[in-house]
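Novice: Mind having a look at this structure? Questions to follow.
The values are calculated or read from the model by the stated rules, or taken from the named source; none is laboratory data. Please read all numbers here as calculations on a predicted model, not as lab measurements. As a convention, Cβ positions derive from the backbone with ideal geometry for all residues, glycine included, and neighbour counts pool all protein chains shown. Surface accessibility is based on the protein's heavy atoms, side chains included, excluding ligands, DNA and RNA. Shrake-Rupley method; radii C 1.70, N 1.55, O 1.52, S 1.80 Å.
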Amino acid sequence: VLKEYGFKSEVVYLGCYPAKQISDVRERMVLAVSTWDSGRKPEVYGELAKKVNAKFVMAGAWAKYDTMVEFKRKYGKYVEVTGKISEEKLIELYSKASVLVRFGFNERGPGLGVIEAMGYGVPVIVNEGLGSKEIVKQGENGFVVKDIDEAATKINEIFDKRYQMSKNAWETAKLLSWHNHANKLLEVISSNLS
């Protein structure tokens, strides 16, 4: 956006704390992490959950309790909804999940859960509406998809070759560590001071 208005700018992705090691043993589980509200279109995840043969978990707080209750009424058969969870529980879910799904709808941000999931070796599926699509290497650490039908197909593909994609996701996250984030910021700031 800044470049569109003539400002010199450079993207420096947020960081993460990659796990020191990742587990080879994963559940056949699809994870979605966010602060849920109607703008995040939770029903898209509910419809996707109907199409995959796996446990589907939506983790995170809900902006409105009524929205969560209605979602659970409609999709509770297909999706486990955690509500607000501790950091420890979130790490446990990342460590068990085989794939993370995160769709963006006119969002400018990266969807931090994508970067965090990669830090635990979780391949990701995102759509074009999320900033983190730029760190997804198609078929290597995840997939950028057009719709939920394509997402369902790619989830199954990840289940079939999860081990290598998991390692690739973890390697991507190591490049996006907070340490590397700070170094990149220093580099950008230093180059602009000269």
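Novice: With a cut-off of at most 15 other beta carbons within 10 Å, and DSSP calling the residue loop, which trypsin sites (Lys or Arg not before Pro) in segment 55-149 qualify? Please list them.
Specialist: Passing both the DSSP loop test and the Cβ count: K64, K77, K84, R108, K137, K146.
Novice: How about segment 1-66: which GluC sites (Glu not before Pro) there are in a DSSP loop, with at most 13 other Cβ atoms within 10 Å of their Cβ?
Specialist: E10
Novice: I've got another one for you. When the distances between all Cα atoms of segment 140-190 are binned every 10 Å from zero, what whole-number percent does each bin get?
Specialist: Spelled out per bin, shortest first, that is 23, 33, 25, 17, 3.
Novice: Any idea what diffusion coefficient segment 49-183 gets from Stokes-Einstein, in µm²/s, Kirkwood Rh on alpha carbon pairs, 20 °C, 1.002 mPa s?
Specialist: Using the Kirkwood radius from Cα pairs, D works out to 139 µm²/s.
Novice: Leaving out ligands and nucleic acids, and using a 1.4 Å probe, what accessible area per residue does segment 91-194 come to in Å²?
Specialist: Ligands and nucleic acids excluded, the figure is 46 Å² per residue.
Novice: Could you pull out the pairs from K55/K146; K55/K89; K50/K77 whose alpha carbons sit more than 20 Å apart here?
Specialist: Exceeds cut-off: K55/K146.
Novice: Accessible area per residue of segment 33-88 at 1.4 Å probe, in Å²?
Specialist: It amounts to 58 Å² per residue over segment 33-88.
Novice: Percent of accessible area on the chain owned by carbon and sulfur, 1.4 Å probe?
Specialist: 52
Novice: Kindly provide the helix-only [θ] at 222 nm of the chain, computed as the sum of -39,500 (n - 2.57) over DSSP H runs of four or more divided by all residues, to the nearest 500 deg cm²/dmol?
Specialist: Only helices count here, giving -13000 deg cm²/dmol.
Novice: Can I ask one more? Percent relative contact order of segment 52-194, based on C-alpha pairs within less than 8 angstrom and at least six residues apart?
Specialist: 19
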